[in-house]
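What follows is a set of notes on a single structure, which appears directly below.
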Amino acid sequence: MNETRQTMEGPEGGETFESTRALFQRWRESRQRGARIPKALWAAAVEMARQYGVVQTAQRLHVDGPRLLKRMEGAGFARAADPHTVTFVALSGSTPAARTGIAECVVEIQNARGGRCG
């Protein structure tokens, strides 16, 4: 199993769609009929879905979308209640750094699927 995990890591240590898709393909070519997808492959699919969304990941890896969503929920990723819900976050300028005029702020925005925007 550790061998599979190492193969899925790219040059930066993260998984890529191509490497993950290749692992699924190799598994499909060598599996016995009726065999279940190994946990390591599901974990890779969950990571891809976290970054790119369930629909795109399920299509590209040829896995069942609802099962992938259940795996994500089991891994601690919450399902968005309503994709059209907008959350407002007020940013206060009352920190000591902000009062001195040398404040720096980084704002990261995520879409409803948890992927980064921009």
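The values are calculated or read from the model by the stated rules, or taken from the named source; none is laboratory data. Note that the structure is a prediction, hence the values are computed from the model and not measured. Neighbour counts are summed over all protein chains in view; Cβ atoms, including those assigned to glycine, are modelled from backbone coordinates with ideal geometry. For accessibility, only protein heavy atoms count, side chains too; no ligands or nucleic acids. Shrake-Rupley method; radii C 1.70, N 1.55, O 1.52, S 1.80 Å.
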Would you calculate the separation in nanometres between label points at Arg28 and Val106, each defined as 7 Å from the Cα along the Cα-to-beta-carbon direction? 3.7 nm
Sorted by accessible area (1.4 Å probe), largest first, how do Ser30, Ser19 line up? Ser30, Ser19
Show me 32-40, 46-54, 62-70 ranked by packing, highest mean number of other Cβ atoms within 10 Å first. 46-54, 62-70, 32-40
Using a Förster distance of 22 Å, how high is the FRET efficiency between Glu73 and Phe17, based on the Cβ-Cβ distance and rounded to 0.05? 0.55
